[in-house]
Amino acid sequence: MILILEPNTSPDSPEHRALMAHLARLPNIQARTHQVRGAQQTLTEIYLIGDTSSLSVEDMAQLPAVDRVIRVSEEYRVIGRHDDQQPGFEFEANGVRFSQDNLNIFAGLCAVDTPEHVEAMMQALQAHGQFCTRMGAYKPRTSPYAFQGLGRDCLPWVFELAGKYGIRLIAMEVTHENHIDEIREALEKTGHPTAVMLQIGTRNTQNFELLKAAGRQTEMPVLLKRGFGITLEESLNAAEYLASEGNTRIVFCLRGMKTHLGDPHRNFVDFAHVPVVKRLTRLPVCIDPSHSVGSRQRAPDGILEIVHATAQGLIAGANMVLVDFHPAPEKALVDGPQALLLEELGTFLEDARLVHETWHRRRAIHAGPAKRGPTDTTQ
Ligand code: PEP
Ligand code: MN
């Protein structure tokens, strides 16, 4: 059961205190508070976990500070969209805003290799007005003999370069709980020149201990990739692990599914699921066209297949793009063949903006009063 409190209810208010005291007296019920920060207001939601079947919605709605009560029967208690009036989650990380309505592009290196390449990448991003990037320091590789990433050693100089070029947020994969501490320590040591979005990769979607660790901390948002060989439901339950630990600053990323039916793409592109994830959950949705398509093939219309796939995700309303670029792909230590070139960054961004705006226009065409859907609550 979810209690939605009156907007902007302060935890110090007498109503809130009276409510919490009442909930504490309910037998076999645990109350967990989640705050949903929107552009206009902060919504507090209290999730009642345990034996809620004996509670009546009408009685709970009478409690102080309670605006609405939703009985949750489905899974995904925290991340799920349980009724049409629930807005999508919105949050900010170091000045970067995430929601189910806007768009952020994280172009960058699949794997950090040299300071020169990182600097060239960040310089290009700044020149194009970008303030987010991707930088892999801990790489999960199929072969134990393949380059495993530079790990903690590269963090200080990557963060300092980010600060130098105005990069506010770096998506960085972690494969072990320790990496979260290493990132936190390196950010502290360098004086927080930038911030990190923890990325949990497709090989770790069901690494439940890692999910719990990333969910226990709330200062860093989490980009969770869909598992490449499990159902969507299983991957969304993985996102629920993060949220149930207390971190709802989550973006869910589609990155293609592992099956030869997707050949000649590296993975079978699953971006038709963008609106599905937005319907089932309140999470912003990311697409990763690089790891989906996996090559620099160009269609006869002159457009790279990675760029086509990006457009397919964005026209369906994706809110974030994670995409591999490299200043010298032939020298990249990981995934060079799928990296876009720095001289392609401008075109990529222009195309992405055009398609995202077109999605907004499509939404307006379809937003008759009778057709308003759950994602139409904000504009
Ligand atoms: C990555 O983004 O660098 C990566 C390894 O992706 P995935 O987990 O989707 O394979
Ligand atoms: Mn990669």
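The values are calculated or read from the model by the stated rules, or taken from the named source; none is laboratory data. Computed from a prediction, not measured in an experiment: that's the story for all the values here. Cβ sites come from the backbone with ideal geometry, for glycine too, and all protein chains shown count toward neighbours. Only protein heavy atoms, including side chains, enter the accessible area calculation; ligands, DNA and RNA are left aside. Shrake-Rupley method; radii C 1.70, N 1.55, O 1.52, S 1.80 Å.
For this structure, a couple of remarks:
- Test for residue 249: is it farther than 21 Å from residue 131 by Cα and at pLDDT 95 or above: no
Matching residues to (1) within 16 Å of ligand 2 (Cβ to nearest atom); (2) more than 13 Å from the chain's Cα centre (by Cα); (3) charged (D, E, K, R); (4) at pLDDT 95 or above:
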position: 207; (1), (2), (3), (4): no, yes, no, yes
position: 210; (1), (2), (3), (4): no, yes, no, yes
position: 221; (1), (2), (3), (4): no, no, no, yes
position: 233; (1), (2), (3), (4): no, yes, yes, yes
position: 239; (1), (2), (3), (4): no, no, no, yes
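- Number of the exception - residue 63 against (1) surrounded by fewer than 18 Cβ atoms within 10 Å (Cβ to Cβ); (2) touching an Asp or Glu at 6+ places or on another chain (Cβ under 7 Å): (2)
- Scanning the range 295-332 for residues that are in a loop (DSSP other than H, G, I, E, B) and touching a Gly at 6+ places or on another chain (Cβ under 8 Å) gives a single hit, 326.
Results for (1) within 26 Å of residue 99 (Cα to Cα); (2) within 13 Å of ligand 1 (Cβ to nearest atom); (3) in contact with a helix residue (DSSP H, G or I) (Cβ under 9 Å, 6 or more places away or on another chain), shown as yes or no for each residue.
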residue	(1), (2), (3)
141	no, yes, no
149	no, yes, no
168	yes, no, yes
171	yes, yes, no
224	yes, yes, yes
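- Output for the range 334-362, where each listed residue is within 16 Å of ligand 1 (Cβ to nearest atom) and surrounded by fewer than 21 Cβ atoms within 10 Å (Cβ to Cβ): 334, 335, 336, 337
- So residue 272, is it exposed (fewer than 15 other Cβ atoms within 10 Å of the Cβ), under 22 Å from residue 224 (Cβ atoms) and either modelled with pLDDT of 95 or more or of a type in the set (Phe, Trp, Tyr) (or both): yes
- Pairing residues of the range 265-281 that are farther than 21 Å from residue 81 by Cα with residues that are modelled with pLDDT of 95 or more and of a type in the set (Val, Ile, Thr), at Cβ distances under 7 Å and at least 6 apart in sequence or on separate chains, gives 265/293; 266/293; 268/259; 269/293.
- Scan of the range 312-333 for residues that are more than 16 Å from ligand 1 (Cβ to nearest atom) and among the aliphatic types (A, V, I, L, M), ordered by number: 314, 315, 316, 328
- Residue among 183, 167, 105 that alone is in a strand (DSSP E or B) and in the same structural domain as residue 349 (by TED's automatic domain parsing): 105
- Qualifying positions in the range 118-134 - part of a loop (DSSP other than H, G, I, E, B) and either touching a residue at least 40 places away in the same chain (Cβ under 8 Å) or of a type in the set (Val, Ile, Thr) (or both): 128, 130
- Any hit, the range 5-13, residues being of a type in the set (A, V, I, L, M), open to solvent by less than 40 Å² (accessible area, probe 1.4 Å) and within 27 Å of residue 92 (Cα to Cα): yes
- Of the residues 244, 235, 292, the single one that is over 30 Å from residue 32 (Cβ atoms) and either crowded, with 20+ Cβ neighbours inside 10 Å or in contact with a Lys or Arg (Cβ under 8 Å, 6 or more places away or on another chain) (or both) is 292.
- Residues in the range 178-202 that are touching a helix residue (DSSP H, G or I) at 6+ places or on another chain (Cβ under 7 Å) and exposed (fewer than 15 other Cβ atoms within 10 Å of the Cβ): 189 only.
- Given (1) farther than 27 Å from residue 93 by Cβ; (2) away from ligand 1 (no atom under 16 Å from the Cβ), number of the condition residue 259 does not satisfy: (2)
- Taking the criterion of being acidic (Asp, Glu) and over 17 Å from residue 336 (Cα atoms), the only residue of the range 101-118 that qualifies is 101.
- Of all residues in the range 298-315, those that are closer than 26 Å to residue 252 by Cβ have Cβ atoms under 8 Å from Cβ atoms of residues that are of a type in the set (Asp, Glu) and surrounded by 15 or more Cβ atoms within 10 Å (Cβ to Cβ), 6 or more apart or on another chain, in 304/344; 307/351; 310/351; 311/351.
- Single condition residue 77 does not satisfy, out of (1) more than 16 Å from ligand 2 (Cβ to nearest atom); (2) out of contact with any helix residue (DSSP H, G or I) (no Cβ under 6 Å at 6 or more places or on another chain); (3) in a helix (DSSP H, G or I): (3)
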